[in-house]
Each structure stands twice: as C-alpha cells, then as structure tokens.
Amino acid sequence: MAKIKGAIVVNTDRCKGCVLCVSACPQQVIALANRVNMRGYPYVEPVQIDKCTGCTSCAVVCPDGCITVYRKKVEE
C-alpha cells in the first residue's frame, strides 16, 4: 500500500508572518522563522519536513497564497 508524502514551499517574499498556517497544521510542520523578509516581515518556514502529510490545511488558510503543497506516493 502506498503512503502519501507531502512537502510545502513557502514564498517568503510574500509571507507577512500572520502564523495562521502554524496553528492550522495538524502535524506542526511549520514555524515562524527568526529572520525577516525583504519587506521586514517575519515569515514562516517548514521545520519538520518529514512529518508533512500534504493535507493542504496550511495553504487553505493562508490569506496571501504564499504556500504551495506538493504530494507524492511513496511505496513502503
């Protein structure tokens, strides 16, 4: 049986650090970075990449559309 593996990509230049995606992620994959983007906003980044299931909760709640979610099947 195939398992679904997820991965997220955050457009850090557009992210305003609202952290809605951090609270929406059931696997706690995303966290606020200690850095700021070119506009002076702190941004989010994936920190526990292996835990991502590709559920897309983070992308759905992002008001600026900064998160892209990829999913692929992994054979066990």
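General remarks:
- Accessible area per residue for the chain, computed on protein heavy atoms with a 1.4 Å probe, is 67 Å².
- Within the shell of other residues whose beta carbon sits under 14 angstrom from the beta carbon of Ile67, the net charge comes to 0, with Lys and Arg scored +1 and Asp and Glu -1.
- Sulfur and carbon atoms: percent of accessible area, the range 1-58 [1.4 Å]: 54 percent
- Values of log10 I(q)/I(0) for the chain across q = 0.14, 0.17, 0.20 Å⁻¹ run -0.42, -0.59, -0.77, by the Debye formula with one identical scatterer at each alpha carbon and no solvent.
- Pairs of lysines in the chain whose Cα atoms sit within less than 13 Å of one another amount to 6, provided the residues are eight or more positions apart or on different chains.
- Gln48/Glu75 FRET efficiency (R0 22 Å; Cβ-Cβ; nearest 0.05): 0.45
- Lys, Arg +1 and Asp, Glu -1 on Cβ, resulting dipole of the chain about Cα centre, debye, nearest 20: 80 debye
The values are calculated or read from the model by the stated rules, or taken from the named source; none is laboratory data. What you see is a predicted model, and the numbers here were worked out from it, not measured in a lab. Virtual Cβ from ideal backbone geometry, glycine too; neighbours counted across all protein chains shown. Surface areas here come from the heavy atoms of the whole protein model, side chains and all, with no ligands, DNA or RNA. Shrake-Rupley method; radii C 1.70, N 1.55, O 1.52, S 1.80 Å.
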